[in-house]
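Q: My questions all concern the structure below.
The numbers here are math on the coordinates, done by the rules we state, and not lab data. The structure presented is a predicted model; accordingly, all values stated were derived computationally and were not measured. Cβ atoms come from the backbone with ideal geometry, glycine included; neighbour counts cover every protein chain shown.
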Amino acid sequence: MCGLQSSVPCTGVFLHILNCFLLLLLLKEVLGCPSVCQLCTGKQVNCRNLGLSSIPKNFPKSTVLVYLSGNNISHVIPNELTGLQKLAVLYLDNSSISYVHPKAFVELNKLCYLHLNNNHIKRMDPGIFEGLSDLHCLYLQNNQISFVPRGLFSGLISLILSHNDLEHVNSNTFSSLHNLMYLQLDKNKIVSIGDNTFEKMGSSLKILNLASNNLTDLQPKGMPSSIGKEMEPVLMGNRTKSGTGSRSLFARSQDHSLVQPLLSHSCRRGTLSLST
C-alpha cells in the first residue's frame with residue numbers, strides 16, 4: 001500500500017514504471033513500428049480508428065498488411081508509404097480521403113489488395129496504379145468518381161466501382177484488363193457504354209454487374225460476346241427498351257465454381273502469411 005509515510009518509495013516505483021514504459025516505446029520505434037498504432041507484429045500493423053490526419057511513418061520493412069481504416073487522412077501524398085517492399089494488403093477505407101496523388105503507391109510493387117472504398121474520391125489521375133504489377137483486387141466503391149482515365153487499370157482480377165458517379169463507360173476505359181474476372185459497376189449513373197467495351201476481357205470475365213444505372217438500351221455492341229455462352233445475363237433495374245421494365249443488367253458466370261476462388265486466387269505467393 002502507498003500511504004503518506006511511504007511517498008518516497010512510491011515515487012521511486014512510479015518513476016521505474018514510467019522508465020519501463022518509455023523504454024518500451026523507444027524499443028518499438030527502434031524495431032520500426034509507428035508508436036500511435038495499436039498493434040504491430042512486424043508483418044501486420046493496425047492503425048484503425050485513431051483519427052489520424054496523415055499516414056504514420058516508421059513501418060517495419062517486413063510489413064505485409066496495414067490497416068488504416070476509419071481515419072481522417074483526406075490526402076494520400078508521395079513518400080508516406082516508402083520502404084514497404086513486402087506490403088501486400090493496404091486498407092485505406094472509411095478515411096475521408098478526397099485525393100490520392102499519382103505517386104502515392106509508387107514503391108508498393110508487391111501490393112495485391114488495395115481498399116480505397118467509402119471515401120470522398122472524385123477523380124483518379126493517370127499513373128496512380130502504374131508499376132503495381134501484383135495488384136489484383138481494387139476496391140473503389142462508395143466514392144464520388146465520375147470519370148476513369150484511359151489505361152488507369154491493368155492486371156486486375158477484381159474491380160469494384162459500385163456506388164460512384166460514372167455516367168459514360170468508354171470503349172477504352174477497361175482496355176488493359178485482359179484478365180478481369182469480376183467487374184462491379186452497379187449503382188452509378190451510367191447512360192451509355194461504348195462499343196466493344198468489354199471484348200478485350202474475352203472469356204475471363206465471369207461477373208459483370210450493371211444494376212441500378214440509367215441504361216435505356218442493352219447496346220449489344222457494348223456487351224461481352226461471352227454473354228449467353230460463358231456468361232448468363234440476368235436483367236433487372238435499368239429502363240431498357242427490351243421489355244425488361246424496371247430491371248437491371250447483371251451478367252454472371254454459368255460456372256459458379258470459377259467465381260468462388262476469385263479472391264483466394266489473387267495472392268497465392270505466400271506474401272499474405274502473417275505468422276512470425
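Q: Under a Cβ-Cβ cut-off of 13 Å, what is the net charge of the residues other than Asn188 that fall near it, where Lys and Arg count +1 and Asp and Glu count -1?
A: Values: positive: Lys187, Lys189; negative: Asp165, Glu167, Asp186.
It works out to a net charge of -1.
Q: Given H placed on each backbone N at 1.01 Å, which residues far from Ile121 in sequence or on other chains put an amide H within less than 5 Å of it?
A: When sequence neighbours closer than 5 places are left aside, the close amide H contacts are Gln144.
Q: Rounding to the nearest 20 debye, state how big the charge dipole of the stretch 105-210 is about its Cα centre with +1 on each Lys and Arg Cβ and -1 on each Asp and Glu Cβ. Working shown, then result.
A: Working: 8 positive and 9 negative charges, 28 e Å.
For this selection, approximately 140 debye.
Q: Moving to a separate point now. Give the Rg/Rh ratio for the stretch 95-134, taking Rg as the radius of gyration of the Cα atoms and Rh as the Kirkwood radius, to two decimals. Kindly include the intermediate steps, with their values, before the conclusion.
A: On the way: Rg = 10.4 Å, Rh = 10.9 Å.
That ratio equals 0.96.
Q: Turning to a different aspect of this structure: Would you list His163, His168 from fewest to most Cβ contacts within 10 Å?
A: Numbers: His163 18, His168 14.
The fewest-first ordering by Cβ neighbours comes to His168, His163.
Q: Taking θ = phi - 60°, what integer Hz values does the Karplus form 6.51 cos²θ - 1.76 cosθ + 1.60 yield along the stretch 34-47, in sequence order, with x for Gly and Pro?
A: For the stretch 34-47, the Karplus curve yields x, 5, 7, 7, 6, 9, 8, 9, x, 10, 10, 10, 10, 10 Hz.
Q: If you don't mind, there's one more thing I want to ask. Going by average Cβ neighbours within 10 Å, how do the peptides 43-49, 109-115, 77-83 rank, with the highest at the top?
A: Numbers: 43-49: 18.9, 109-115: 21.3, 77-83: 15.3.
Final packing ranking: 109-115, 43-49, 77-83.
Q: Go through Gly155, Ser171, Met124 and say which Cα lies farthest out towards the positive end of the charge dipole of the stretch 120-198; charges sit on Cβ, +1 for Lys and Arg, -1 for Asp and Glu.
A: Of the options given, the answer is Met124.
Q: Another question about this same structure. Report ³J(HN,Hα) in whole Hz for each residue of the stretch 117-129, in order, from the Karplus equation J = 6.51 cos²θ - 1.76 cosθ + 1.60 where θ = phi - 60°; Gly and Pro get x.
A: Residue by residue, the stretch 117-129 yields 6, 6, 10, 10, 6, 9, 9, 10, 6, x, x, 5, 10 Hz.
Q: Output the relative contact order of the stretch 50-182, whole-number percent, from Cα pairs under 8 angstrom with separation of 6+ residues. Mind showing how you got there, number by number?
A: Details: 344 pairs, mean separation 22.9, N = 133.
Computed value for the stretch 50-182: 17 percent relative contact order.
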